[in-house]
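The structure appears right after this line, and notes come after that.
The values are calculated or read from the model by the stated rules, or taken from the named source; none is laboratory data. Since this is a predicted model, take the numbers as computed values, not measurements. Reconstructed Cβ throughout: ideal geometry from the backbone, glycine too, with neighbour counts over all protein chains shown. The protein model used for the area step is the full one, side chains on, heavy atoms only, and it has no ligands, DNA or RNA in it. Shrake-Rupley method; radii C 1.70, N 1.55, O 1.52, S 1.80 Å.
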Amino acid sequence: MNILKKTILLIALGTAASAGAENVHDTVTRALKGLRTAESPIPYSRTIKELYIGFDEKGIPKTGVAFREIESFKTITGVVIVDKTETGYILREAVFPDIGKIKNAKDRKQVKAVLKQFQNVPFDPHAEKSAVDALSGATRYGIKTSGYLNYLARHVALQMESPPEWTKP
């Protein structure tokens, strides 16, 4: 196979592999669609890279998103999406948009398994406990990742409760 054919094949494979991949900002945009969005200064804090709060037409916080890099088998980005409802806060989901960085399928599956427990979980950000308590059979990466995701969710909810100055239009 000549060099031109190899190059075309590599470009085609790279494009196909990235076509289904979503990046962090795509995830944020999808989560906050239809809301007026306020974006934190970057970095937001030592432990949170960015935080977003989405407001409805009345200026009431409806959805919050935060993310940070998490060291797993590779450094990946953990994103949490929190919704404020009439009954309290719901951790809508946690995602790793760049999970494809982990090439080993077994490792990737293990990391994705953590996310299953972070789907539509009601929680109280003032409670002295995590939104998701225990991960059965979790590895050290899973326990660490769970801690970060819980921290992100709790912090997003608290910021939605008392929106900071940077959220003002």
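Full extension of the segment from residue 45 to residue 126, taken as 0.36 nm per residue of separation minus the current Cα-Cα distance, would add 27.2 nm. To the nearest 0.05, what FRET efficiency results for residue 58 and residue 158 with a Förster distance of 22 Å applied to their C-beta separation? So, using R0 = 22 Å, E works out to roughly 0.60. Legend: residues 84, 103, 144, sorted from most to least accessible area (1.4 Å probe; ligands, DNA and RNA excluded), read 103, 144, 84.
Using θ = phi - 60° in the Karplus curve 6.51 cos²θ - 1.76 cosθ + 1.60, the 3J(HN,Hα) couplings for the stretch 62-69 round to 10, 9, x, 9, 9, 8, 7, 7 Hz; x is entered for Gly and Pro. For the stretch 62-120, the solvent-accessible area with a 1.4 angstrom probe is 48 square angstrom per residue.
By the rule of a C-alpha distance below 30 Å, with chain neighbours fewer than 8 residues away ignored, the lysines paired with residue 74 are 6, 33, 49, 101, 103, 106, 109, 112, 116, 129, 144.
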